[in-house]
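Shown next, in structure tokens, is the structure this report addresses.
The numbers here are math on the coordinates, done by the rules we state, and not lab data. What you are looking at is a predicted structure, and each value in this text was computed from that prediction instead of being measured. Cβ sites come from the backbone with ideal geometry, for glycine too, and all protein chains shown count toward neighbours.
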């Protein structure tokens, strides 16, 4: 078991701790619905220090990134962030990630905690470009300050004009008296906010300052449980659920991060899916009938009871007060308003395909 720098703090706050991606992580502090709505309506803080960070540096660093990622990193400029994925050789995805352009020959990659070693080995295997690679994951903490009042909270702590940092952009500056914090206008909640990267030694100071600044907005710590419901309401993919080693980004609706203006790992395979049409697609659906909440691996069926797909994520949406989910279905059932059925406790419960995001 690994521990983030603020592990003892979370325990002292009464957080329910679980093993997640090999780390002891807070899944819940008080009440999932309350934590969820705090982020949607005001501001909450996630400790997501389990995420992985790699620094890549060298004259041919862009060549390496272009060869292993699906998006076109040549479009990045200093201070810009890009969502992308690492395709594998079998037609699936090694991981999804963020690519940060630091400067011309230096980039940061932010990867999922469960895939740190896997991603490191994959990129290293393809590093025939002499790129210097440093795994910074163990020494960095990451706080995600999310919600409509995040910018008002954080602006109290820094001279950096946060309103000038565009979505999917970042700067490096002092915040709460801590120098060289990466201040990134990113997050996985769909409610706006910033992600703050700092050294482990500064994590507690940053946490305390953020909570003091956010008092007037009733700021709260938020666990991984609400992080999941928040991202699902926005139709955002979670690795290991909606995308994995067997799913193409084209099937997952991630064609927008899959650019065929360049060659990358197995790009011809994904290009063929785009040109010929995917046999299955990731769709959003909402339950039409009562009968339970859809969960990962539940079978999706048609009206005749034939299996047509599988649920990848599902929850009772705190914002919408209805059961929603994501799942792969045969393409002919992927149109909005298509009638589908989720098998829940051996019963077929009616649902319909809807546009995502749900909210």
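Summary of packing: across the peptides 142-148, 290-296, the per-residue average of other C-beta atoms within 10 Å ranks them, highest first, as 142-148, 290-296.
Taking N as the number of residues in the stretch 1-122, what is its alpha-carbon radius of gyration divided by 2.2 N^0.38 Å? Please report the intermediate quantities before stating the final value.
Details: Rg = 17.3 Å, N = 122, 2.2 N^0.38 = 13.7 Å.
The stretch 1-122 yields a ratio of 1.26.
Length gained on full extension, residue 304 to residue 78, computed as 0.36 nm times the residue gap minus the Cα-Cα distance: 75.9 nm.
The fraction of all Cα pairs in the stretch 121-220 landing in successive 10 Å bins from 0 to the largest distance is 15, 44, 26, 12, 4, 0, given as whole percents.
Take the Cβ atoms of residue 117 and residue 55, set R0 to 22 Å, and the FRET efficiency comes out at 0.85. The modelled label-to-label distance for the pair residue 234/residue 16, using points 7 Å beyond Cα in the direction of Cβ, is 2.4 nm. Can you work out the base-10 log of I(q)/I(0) for the chain at q = 0.09, 0.14, 0.15 1/Å, using the Debye formula on its C-alpha atoms alone? Once normalised to I(0) and log-transformed, intensities are -0.52, -1.23, -1.36. The label-point distance for residue 152 and residue 166, in a model that sets each label 7 Å from Cα toward Cβ, rounds to 2.7 nm. Each Cα pair under 8 Å and six or more residues apart adds its separation to the average, and for the stretch 279-354 the resulting relative contact order is 40 percent. For the stretch 50-184, the C-alpha radius of gyration divided by 2.2 N^0.38 Å, with N the number of residues, is 1.10. Largest GNM mean-square fluctuation across 336, 27, 45, computed for the chain with C-alpha springs under 10 Å, falls on 336.
For the stretch 265-359, what log10 I(q)/I(0) values come out of the Debye formula at q = 0.12, 0.13, 0.16, 0.22 1/Å, with one point per alpha carbon and no solvent? Once normalised to I(0) and log-transformed, intensities are -0.38, -0.43, -0.62, -1.02. Segment residue 34..residue 246, full-extension length gain: 72.8 nm, with 0.36 nm per residue of separation and the alpha-carbon distance subtracted. Annotation: for a label point projected 7 angstrom from Cα along Cα→Cβ of residue 63, residues of the stretch 72-89 with backbone N closer than 17 Å are 73-74.
Semi-axes of the equivalent ellipsoid for the stretch 4-63, computed as √(5λ) from the eigenvalues of its C-alpha gyration tensor and ordered from largest down, come to 31, 17, 9 Å.
Go ahead and run the numbers for FRET between residue 288 and residue 90, Cβ-Cβ distance against an R0 of 35 Å, rounding to 0.05.
On the way: r = 36 Å, r/R0 = 1.03.
Efficiency computed from Cβ-Cβ geometry: 0.45.
Multiplying the residue separation of residue 271 and residue 335 by 0.36 nm and removing their Cα-Cα distance gives an extension gain of 20.9 nm.
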